[in-house]
Each structure stands twice: as C-alpha cells, then as structure tokens.
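> Please see the structure below; I have some questions.
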Amino acid sequence: MQFNSRAIALLLALCVAAITTAFLYLVPNITATAIVIAFLLAFSSSYILVRLVLEFLFFRQIENIYDSLKKIKDSELALRGRASSVNPLKRIDREISSFAKSKEKEIEELKERENFRREFIADVSHELKTPIFAAQGFVHTLLDGAIYDKEVRKKFLKKAAKSLDALDLLVQDILTISQIESGEIKMHFENFDMRSMCREILEQLDGKAEKKGVELKMSKKYKEPIIVRGDYRRIYQVMLNLTSNAIKYTKNGGLAKIKFDEVSNGKIRISVNDNGRGIPESDISRIFERFYRVDKSRSREKGGTGLGLSIVKHILESHDSEIFVESEFRVGSTFYFDLNKASYIDKVEEGWEEEEDYA
C-alpha cells in the first residue's frame, strides 16, 4: 500500500472515531443512534482536518522538494523509479543522500582537476624556462660583445637555435595533447600496412641508431603485409616515439627491435623492445604522465619534452587501445599495444621487399 495524505488521513480518522465511540459506550443511557452519529462526526472531521494538514503542510512541501531535486539533479528517471516507496520520508531521504553523494563526487573531481591544473601549469612553466633561459643567455652574451668573435658567434648562435628548436617542440607537444583531449584532433581511420610503416621509421632513425652503435631490427615472423586499421599519421607518431625512445635508452652496441604478433579478437600486437637500463617498478605506473621522467637529470641530457609517452597514451586511447609496458631494471623494456586487423590486400605495393638490415 502506498502511503499518501489520503491513506494516512483515513487511518488517523478511523483511530479518532474508534476512540470516541469507545468512550461513548461508557456513558449511561446513550442510544445506538447517538453513537453512530458521534462516530461519523468524529471520523469526517478528523479526516478533513488531518487531510488538510498533511496536504498543505507536509506532502505539498515534499513535492516541492522533489521538484527542486529534479531540476538540480536532472534525473527524472531515477526519481520516477523510486516513486513507489511506501515511506515518503525514506524516499526523500534517499534522494537527498544520493544528491549529496553526487555533489561530493563532483567536488572531489573539481579538486582533482584544480590540483592537476596547478601541477600542469607549474610543470609547463618549469619546462619552458630551460630552453628560454638558455637561448636568452646565449643571445645576451653575443650582445655583450661576443658577437665580434666569429668562432664564438657561430657556436652561440647554434646553441641558441638548438634551445629554440627544443622550445618549439615542447609547444607543439603541449598543443597536440591539448587538442587530442579537447577533441579538436579527429582520428582519420584507414587501412595501411604496419610493416611498411615500421620499415620507413627504421630507415628514418637508422642514422641516429648507427651514431649510437645501436642495432635496429624488425621481426621476420610475418612475410606478408600486416594490414591494420587506424590513423596512419598518429600511429606513425606513436611508433616513431617508441622506437626513438628504444634507441635513446639502449646501451651502446645494444639492440632495439619491432615485433608483430596476432592476438585474439582479430587484433595485431605491435611491440618495441630494447635491452636498455629498464624502468624501476616504482616508476612504471607513472611514465605515461605528462612531464614525468624516471631520471630527470639523465632525461634532460638525452633531450625530449617529457610528453612523448603521454601523447602515445592519448593517441592509442582514441583508437580504443592501450599502451602497456613490461620492464626489468638494468635488463630492458618492452612497450606494446594492439590494433584492429584490417582486410588483407591482394596486391602488395610495387617495390615492397623485406630489407635484411631490419630482418
């Protein structure tokens, strides 16, 4: 039974009428007609009085509160689902408790966002200072007289240009992350050959690897093209970042390798492996955060903006994928992710051949 103002008024009126009738039975010489009339009068007057009090002073106020909650919470379906509650006070208590919890959650999220914003601004300011102050120092040194020494001038201008290039790269990476998060950068999905892309990346980074004495390889497990579906440009950016990092952190004379494996649900797993110094277990959960560096001093020496892995994470999330890492300190690291396998192409592009250098 649903307890509303009418039901409650009926119950209370019956109680009052019953008590009144019971007392009248104690009165001597009272007729049955008088008892019935007294019962009806007590019942009707009590019903009207209780109904009016409940309706205007209690239930109407509860309905006003419900209306306010609906407007604030914008959750009419949730309220409708609880409308059959037998106890209006419990019902409104549930709604207020639910509303309070949702607001607590919103407040916590706002606090987290505020902390994140504060930390992000601090990190960006710190990262911007390094290239700006470096370039500023070289330029001011030249203006103070060093510009007249041809050898010093050329050396300092090169260093200033290098610092400004680093600043430009940092700004581009910050804009990329911001645009991906805000949805300004849309992914353009197409079918492409993952092996062909990786071969192109290895050719691009061959000079960097050779200079450091790192050997680059690509898995020979699959002879045919590996056709996946994704945004070619963004996946190229992912692979370039991961392979470049593998070279950067691999020991001199070490090995960096790209591997492919077919996994369940029609996906291809792409792995980038190195035998570098590895990542401490305490840092693995944080390496995809913005500006996070495992070894800040060494990372600055090696270059980079500290945003590469964060960009990788965001790009892969836009592909309904995720970046994973397995690492053993002082042994090496493997970064891997999955992409959807696309339909097989019947004809390989003319001139595509496996190159021994990357086999």
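The values are calculated or read from the model by the stated rules, or taken from the named source; none is laboratory data. Keep in mind that what you see is a predicted model, and the values were worked out from it rather than measured. Glycine also receives a Cβ, built like all others from the backbone with ideal geometry; neighbour counts cover every protein chain displayed. When the accessible area is computed, the model is the full protein with side chains, heavy atoms only, and any ligands, DNA or RNA have been set aside. Shrake-Rupley method; radii C 1.70, N 1.55, O 1.52, S 1.80 Å.
> Multiplying the sequence separation of TYR222 and GLU326 by 0.36 nm and subtracting their Cα-Cα distance, what value in nm do you get? Provide the component values of the computation, followed by the final result.
Values: separation 104, 0.36 × 104 = 37.44 nm, distance 2.30 nm.
Residue separation times 0.36 nm, minus the Cα-Cα distance, leaves 35.1 nm.
> Using only the heavy atoms of the protein chains and a 1.4 Å probe, how would SER264, SER333 rank by accessible area, largest first?
Largest to smallest exposure gives the sequence SER264, SER333.
> What does the extension gain come out to for LEU157 and LEU49, with contour length at 0.36 nm per residue minus their alpha carbon separation? Please report the intermediate quantities before stating the final value.
Working: separation 108, 0.36 × 108 = 38.88 nm, distance 9.34 nm.
Stretched fully, the LEU157-LEU49 segment lengthens by 29.5 nm.
> I'd like the accessible area for THR20: 1.4 Å probe, protein heavy atoms, all chains in place, Å² to the nearest 10.
50
> Which distance in nm do the two modelled labels at ASP206 and LYS251 give, with both placed 7 Å along the Cα-to-Cβ direction?
2.7
> Kindly give Rg over Rh for the range 159-229, based on alpha-carbon atoms, with the Kirkwood expression for the hydrodynamic radius.
Numbers: Rg = 17.2 Å, Rh = 15.6 Å.
Dividing the radius of gyration by the Kirkwood radius yields 1.10.
> Provide the solvent-accessible area of LYS158, counting protein heavy atoms only and rolling a 1.4 Å probe, rounded to the nearest 10 Å².
Its heavy atoms expose roughly 130 Å² to the probe.
> Here's another thing I want to ask about it. Give, as a single signed number, the net charge of other residues whose beta carbon lies under 12 Å from the beta carbon of LYS162, with Lys and Arg counted +1 and Asp and Glu -1. If you can, show how the numbers build up before the last one.
Values: positive: LYS155, LYS158, LYS159; negative: ASP165, ASP168.
With Lys, Arg at +1 and Asp, Glu at -1, the net is +1.
> On the full set of protein chains, 1.4 Å probe, figure out the accessible area of LEU41 and give it in Å² to the nearest 10.
110
> Within the range 316-338, which residues have the backbone N less than 18 Å from the label spot 7 Å out from GLU281 along Cα→beta-carbon, could you tell me?
325-334
> I'd like the FRET efficiency for ILE147 and LEU169, computed as 1/(1 + (r/R0)^6) with the beta carbon distance as r and R0 of 22 Å, rounded to 0.05. Display every interim value, and only then the final one.
On the way: r = 27 Å, r/R0 = 1.21.
About 0.25, to the nearest 0.05.
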